[in-house]
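What follows is a short report on a single structure.
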Amino acid sequence: MSHQHVDPQSTEPLIPRPAVTVEALRAAVERLDPEQTAKFDSELTAFEAEAERTGNPQSMPTFLRTWAVWVERYRVPATATRIHELEIAMGAARTDEEARAVATDMSKLLHEITDGLPLP
């Protein structure tokens with residue numbers, strides 16, 4: 001997340017949900033975490049090169065989906081906090097049952113935050 005002070009428990013979005021376009025997602029990434037913008041740009045270049053090389057533009061929807069979900073993870077601080085907690089819990093799981101329970105919680109949360117997201 002960016003260096004601005006944000007209450008990690010806030011359920012208020014830091015930004016409105018952007019359109020699922022390169023321009024809107026890049027602007028959202030820049031606002032949420034400027035340090036991630038270089039990664040966004042690098043991945044965009046790679047996806048564009050792949051589409052040009054293969055003549056198949058289907059890689060662009062994959063890029064857009066990936067970054068749309070990333071934005072959804074970070075635009076609401078409480079969501080980002082909960083996902084981080086679940087990632088830590090997954091790393092600390094001592095049994096398959098614990099890992100499955102955490103994975104189930106993560107799956108539910110990711111489904112909730114992407115429900116209704118107009119993915120390509």
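The values are calculated or read from the model by the stated rules, or taken from the named source; none is laboratory data. None of the values given here were measured: they were computed from a predicted structure. Glycine also receives a Cβ, built like all others from the backbone with ideal geometry; neighbour counts cover every protein chain displayed. Protein only, heavy atoms only, side chains kept; ligands, DNA and RNA dropped before computing areas. Shrake-Rupley method; radii C 1.70, N 1.55, O 1.52, S 1.80 Å.
Taking helices (runs of 4 or more DSSP H) as the structural unit, those lying wholly within segment 1-119 and holding at least 2 residues that are of a type in the set (Lys, Arg) correspond to 22-32, 37-54, 59-75, 96-114. Just a yes or no: is a residue in segment 63-79 more than 13 Å from the chain's Cα centre (by Cα), open to solvent by 50 Å² or more (accessible area, probe 1.4 Å) and under 17 Å from PRO13 (Cβ atoms)? The answer is no, given that none of the residues of segment 63-79 is more than 13 Å from the chain's Cα centre (by Cα), open to solvent by 50 Å² or more (accessible area, probe 1.4 Å) and under 17 Å from PRO13 (Cβ atoms). Residues that are surrounded by 15 or more Cβ atoms within 10 Å (Cβ to Cβ), touching a helix residue (DSSP H, G or I) at 6+ places or on another chain (Cβ under 9 Å) and over 22 Å from LEU110 (Cβ atoms) do occur in segment 31-38.
Of the candidates GLU97, GLU48, the single residue that is of a type outside the set (Ser, Thr, Tyr), within 19 Å of ARG26 (Cβ to Cβ) and open to solvent by 80 Å² or more (accessible area, probe 1.4 Å) is GLU48.
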